[in-house]
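Please read the structure below before turning to the comments.
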Amino acid sequence: MQLNLATPSPLQYFSSLVQSDEHFPLLEAAISLAQDEYPGLDVQQVLGDVDQLLARLKRRLPADSPDLQRLRALNQFFFRDLSFGGNVNDYYDPDNSYLNAVLRTRRGIPITLAVLWLELALGLGLNARGVAFPGHFMVKVNLPKGQVLIDPLSGQSLSREELAERLAPFRQRSSGLLDEFEVPMGLYLQSALPREIINRMLCNLKEIHKTQEDWPRLIPVQNRLIVLQPDAWPEYRDRGLAWAAQGEPARAVADLEVYLRYADDAPDIGAMAERLAQLRQSE
């Protein structure tokens, strides 16, 4: 029997992590996103660093501590003792999306801070989940007396009124009036699946690289988005356009052909068909 002992590429490794929703290692998948920017990154070492933080935290608590005490100890440890917080000086630095960098600098964005916080919370036995709140990722914890929503930038618990205030801009129509049929608040507070969390992290990176027209960094992000969501046809379009911008018409053509084959009701079909014709002429 012939064995393949070759080291998997970062994309192959990522693909192996995200195959199953039932066994989806959120922290490991989130750490692995940095391998495109840090090729020598040892993911297992970063996992070990987080395990050490959890061990330090556990030593502070009696084994029979109630959930509220665990939550308070976690927030004290994470936000005050370790001083994790938002990178307000450079919010759009790609490093804010790489957990190895966030662990080093103690600065990140809501979703990366949330992933680290959640790992510690779950390690303490708390019933904690991520919340894909519009514009600002949150975390929540179910306690015996109710649910607590927390801002992962600060550890602040948020009242329903504060959540409604943050949500108001996303509920407004272009006319500035609130929708007559508002979506109930509870729908915005549902638990985010690990695949959804990784997708949001990648979309953050995508937006940064796209805005900066950094095609060599954008394409690996697009590769991961397609591995993560193989039926997300607009991601093929966006990768194709990035290939075109980078001067790779053959690869651009292949991706745009996939998009046009499956996204047959998209409003930009005509424009993409025209772009495809131009690229075919340049091959």
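Nothing in this text is a laboratory measurement; each read-out follows from the coordinates by a stated rule. Only a predicted model underlies this, so the values are computations on that prediction, with no experimental measurement involved. When we count neighbours, we look across all protein chains shown, and the Cβ atoms used for this are built from the backbone with ideal geometry, even at glycine.
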Most fluctuating of ALA232, ALA242, ALA63 in the GNM of the chain (C-alpha, under 10 Å) is ALA63
Give me the tail of P(r) for segment 10-160 as a percent: Cα-Cα pairs with distance above 19 Å.
54
For segment 10-160, give the magnitude of the charge dipole about the Cα centre (Cβ charges: +1 Lys/Arg, -1 Asp/Glu; no others), in debye to the nearest 20.
880
What Kirkwood Rh does segment 194-282 have if only Cα atoms enter the pairwise 1/r average? Answer in Å.
13.2
Using a Förster radius of 35 Å, what is the FRET efficiency between ASP42 and GLU274 based on their Cβ-Cβ separation? Nearest 0.05, please.
0.15
In degrees from 0 to 90, rounded to the nearest 10, what is the angle of the helix 160-171 Cα long axis to the longest principal axis of the chain?
10
Taking the chain as a Gaussian network, where each spring joins two C-alpha atoms under 10 Å apart, which residue of LEU17, LEU218, LEU53 fluctuates the most?
LEU53
So what is the diffusion coefficient of the chain in µm² per second by Stokes-Einstein at 4 °C and 1.567 mPa s, using a Kirkwood Rh over Cα pairs?
62
Computed over the Cα atoms of segment 98-166, what is the ratio Rg over Rh, Rh following Kirkwood?
0.98
What list of ³J(HN,Hα) values in whole Hz, one per residue of segment 147-154 in order, does the Karplus curve 6.51 cos²θ - 1.76 cosθ + 1.60 (θ = phi - 60°) give from phi, with Gly and Pro shown as x?
9, 10, 9, 10, 7, x, 7, 9
On Cα atoms only, tilt of 43-58 relative to the major axis of the chain in degrees:
20
7 Å from Cα along Cα→Cβ at both ALA245 and SER83: what's the point-to-point distance in nm?
3.6
Per GNM of the chain with C-alpha springs under 10 angstrom, the most fluctuating residue out of VAL115, VAL141, VAL88 is VAL88
What lysines sit close enough to LYS210 to cross-link, taking a C-alpha to C-alpha distance under 18 Å and skipping anything fewer than 8 places away on the same chain?
none
Roughly what angle does helix 233-245 make with the longest principal axis of the chain, taking Cα atoms, 0 to 90 degrees, to the nearest 10?
60
Fewest Cβ neighbours within 10 Å first, please rank SER15, SER97, SER282 accordingly.
SER282, SER15, SER97
